[in-house]
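Student: First, the structure itself, so that you have it in front of you.
The values are calculated or read from the model by the stated rules, or taken from the named source; none is laboratory data. Every value quoted in this text rests on a predicted model; they were computed, and no experiment measured them. So basically every Cβ, Gly included, is an ideal-geometry build from the backbone, and we count neighbours across all protein chains shown.
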Amino acid sequence: MSVIGVYDSGIGGLTTLSALKRVLVGHDFYYLADTKAMPFGTKTKEEIYSIVTTGLKMLKDNSDFQVIACNTASTVVAPKDAFLLKPNLDGLTPHATLFLSTPATMKALDVIKKGYGTADTKNLATMVEIMGSLSYKSKGKMGLELLSETVKSLLQSATIDPTKTNKVLLGCSHYVYIKPLLKAWLPWAEIVDGNSALSAEILSKIPPSKKSANEGGKIEFAFTLGSEKDKYDWMIKNLDKNQRFWGI
């Protein structure tokens, strides 16, 4: 049985963790939320490199395999000794694809010059973090549906006509939470994130555990600022139930 380390700035990487738990049965997990440095996406390349290098060292000290569940960290720093959650632009039609990511990821991939549609997402990851906390405190009575108008405004700010968009590529793990909101406003478009592809890649390279599901699956949460263990425990349980709560 191995320990799989998962790293993100906050709750975004929990969507990756939930996906990994489904395929890496019997393995344990160490989740590092770099809450002190959150958000990554509005920082400079140099700041992100320093933050992620420090976080990855901590991850390596506590796990056998490392997963960077943050598109910004994976794209800007791109450590070669970890599995990376990052946008896949292969085979996409730029003028019909809306690329939603942090400003740092947009810049690193040069998506504007390549002709992809973009939108003003500067504060979106932080807003998702806030709504996640409110959902936890109200135990689901106040959900991310309150971001519906924010998502509508975001789409209205897009550099391409949303009605002519056939695919929305999510380049931030935090944005996975708003998938159902995006689908509500763009029912004809395919909403894509990298969790399925990343899970398949990792499953092909990490040996199966000899432990049963009942023996593995333990999660240790660690934080660089304070502790939100109870919130993260609650959120991963609801993410594991999938469609029931988050609608992902």
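Student: Among the residues of segment 53-67, is any in the same structural domain as residue 176 (by TED's automatic domain parsing), at pLDDT 95 or above, among the hydrophobic types (A, V, I, L, M, F, W, C) and over 18 Å from the mean Cα position of the chain (by Cα)?
Tutor: No, because not a single residue in segment 53-67 is in the same structural domain as residue 176 (by TED's automatic domain parsing), at pLDDT 95 or above, among the hydrophobic types (A, V, I, L, M, F, W, C) and over 18 Å from the mean Cα position of the chain (by Cα).
Student: Only one of (1) assigned by TED's automatic domain parsing to the domain that holds residue 7; (2) part of a helix (DSSP H, G or I) is not met by residue 105, so which one is it?
Tutor: So the condition that residue 105 fails would be (1).
Student: Output the residue which, of all residues in segment 170-210 that are of a type in the set (D, E, K, R) and part of a helix (DSSP H, G or I), is surrounded by the most Cβ atoms within 10 Å (Cβ to Cβ).
Tutor: Once the filter is applied, the top-ranked residue is 179.
Student: What are the residues in segment 215-227 that are buried (at least 18 other Cβ atoms within 10 Å of the Cβ) and either in contact with a Ser or Thr (Cβ under 7 Å, 6 or more places away or on another chain) or not assigned by TED's automatic domain parsing to the domain that holds residue 63 (or both), if any?
Tutor: Answer for segment 215-227, where residues must be buried (at least 18 other Cβ atoms within 10 Å of the Cβ) and either in contact with a Ser or Thr (Cβ under 7 Å, 6 or more places away or on another chain) or not assigned by TED's automatic domain parsing to the domain that holds residue 63 (or both): just 216.
Student: Restricting attention to segment 2-36, and to residues there that are surrounded by fewer than 19 Cβ atoms within 10 Å (Cβ to Cβ) and not in a helix (DSSP H, G or I), which single residue is nearest to the chain's Cα centre (by Cα)?
Tutor: Among residues in segment 2-36 that are surrounded by fewer than 19 Cβ atoms within 10 Å (Cβ to Cβ) and not in a helix (DSSP H, G or I), the one nearest to the chain's Cα centre (by Cα) is 35.
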